Structures are given as structure tokens and as C-alpha cells.
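Single-structure report; data block below.
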């Protein structure tokens, strides 16, 4: 019983760290290329997040399953081939099922291959842990990356177009802040969100330290 509870706690911890304490975007500052490029709307952020989640989950699971079969000297090359295979599947699926979204995301879906988040989790976690823990870690990191993209996309779409998921929020008289859907808006939004998160985390840490003393 105790062993089962410990295993569940371990899996829960592996899953949860990617959602907040080690969030890929707001904590580890990984995957900045798609984060800044595609988050002009909620739909774009969500679509890129789901594609990345799929690739990360499948790549980590595969690496964990075959890690003992891959020679150490060629492990990174092998991981890249695995990642590229799943990226191709995601890219072709988007092109076939959601051509408009695929066109909006442009080259950034194929560029998931070089997203350092995926290779980093394959090398640092999946290659050293059993499959069930690798799956939990990949799911947490992927969902954490996805909600970060959706948050940034929502903020930029709201102030840049006055809408969310193409639904007008501010009404017809709202004057859109065009800069928010331009490249500069991505840096501004990310900087503000990071600043708020750091401020909140600092206060949270101070409260915990005070309560301990």
C-alpha cells in the first residue's frame, strides 16, 4: 500500500512540475521561437501547444522504451530522428485536417524538431527514467507549454483585436492596439507576464519563509 502511494506521489510530482514550478515558458524560458511567433491568437497558441504536446509525449515515451537499445554515442542523433518522425505526423495531420491553422502556423510546426524543450526532456528525463514516469513528465511539460501559449495568445488577441477566439469582447468602438499582434507585442506581453509571475512567486516565497520562522 505504501509503495503504491509512493508511486502515485512520484507520478503526480513528475506531472505537476511542468505545469508551474518548472513551466517550460515562464520558468525554463524554453521554446521561445514559437512562443513569440505564433501567439497572435488563442487558436494559434492552442494549436501549436497541442502539436508540441503530441510530439513531446510520443517522443519521450519512445525514448524511454528504447533507451537501452540506442548506443550512447548516437543517442542525440537517434532522439532527433524520433522527434522528427512525430513532427512529420503532426505537420501532415494539421495540413490535411486543418489547412487554415497549418497555414497560419507556417514553418513553426516543422520547427518543433529543434524545440529545445523536447530534446531536453528526452535527454535529461526520458533517457534516465522508466516509461510511466517519462509519460507523466512529458504530459505535464506539454500541457504547461500549451497553457502558456494560450495565455499569451489570449492577451495579444484581446488587446490586439478586441476579441477572444474571434468573439468580440470590447465591442465595435474599441480601437485595437495593433502593436500587440506585431512581433514587438510578443516581447512586451511575455515580459509583462514574466514580471508578474516573478513578483507573485517572490511574494509567495516570502510568505512561506516567514511562516517557517
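Given the structure, is residue 60 surrounded by 18 or more Cβ atoms within 10 Å (Cβ to Cβ) and under 30 Å from residue 159 (Cβ atoms)?
For residue 60, the condition - surrounded by 18 or more Cβ atoms within 10 Å (Cβ to Cβ) and under 30 Å from residue 159 (Cβ atoms) - is not met.
For region 107-139, which residues satisfy the criterion of being touching a residue at least 24 places away in the same chain (Cβ under 8 Å) and farther than 23 Å from residue 75 by Cβ?
Within region 107-139, 108, 109 meet the criteria.
Every residue, every condition in (1) out of contact with any helix residue (DSSP H, G or I) (no Cβ under 7 Å at 6 or more places or on another chain); (2) farther than 20 Å from residue 25 by Cβ; (3) in a helix (DSSP H, G or I), yes or no:
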| residue | (1), (2), (3) |
| --- | --- |
| 86 | no, yes, yes |
| 90 | no, no, yes |
| 123 | no, no, yes |
| 136 | no, no, yes |
| 173 | yes, yes, no |
| 176 | no, yes, no |
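Restrict the check to region 17-31 and report whether at least one residue is assigned to a helix (DSSP H, G or I), buried (at least 16 other Cβ atoms within 10 Å of the Cβ), touching a residue at least 12 places away in the same chain (Cβ under 8 Å) and in contact with a helix residue (DSSP H, G or I) (Cβ under 7 Å, 6 or more places away or on another chain).
Checked region 17-31: no residue is assigned to a helix (DSSP H, G or I), buried (at least 16 other Cβ atoms within 10 Å of the Cβ), touching a residue at least 12 places away in the same chain (Cβ under 8 Å) and in contact with a helix residue (DSSP H, G or I) (Cβ under 7 Å, 6 or more places away or on another chain).
Return the only residue of 143, 155 being touching a helix residue (DSSP H, G or I) at 6+ places or on another chain (Cβ under 9 Å) and more than 16 Å from residue 54 (Cα to Cα).
155
Checking residue 96 against (1) closer than 30 Å to residue 7 by Cβ; (2) in a helix (DSSP H, G or I), only one condition comes out false. Which one?
With respect to (1) closer than 30 Å to residue 7 by Cβ; (2) in a helix (DSSP H, G or I), residue 96 is out only on (1).
Could you check residue 81 against (1) part of a helix (DSSP H, G or I); (2) closer than 26 Å to residue 179 by Cβ and say which number it fails?
(2)
Coordinate-derived values only; no laboratory data. Because the structure is predicted, anything quoted here is derived from the model rather than measured. Don't worry about glycine lacking a Cβ; one is built from the backbone with ideal geometry, like all the others, and counts go over all protein chains shown.
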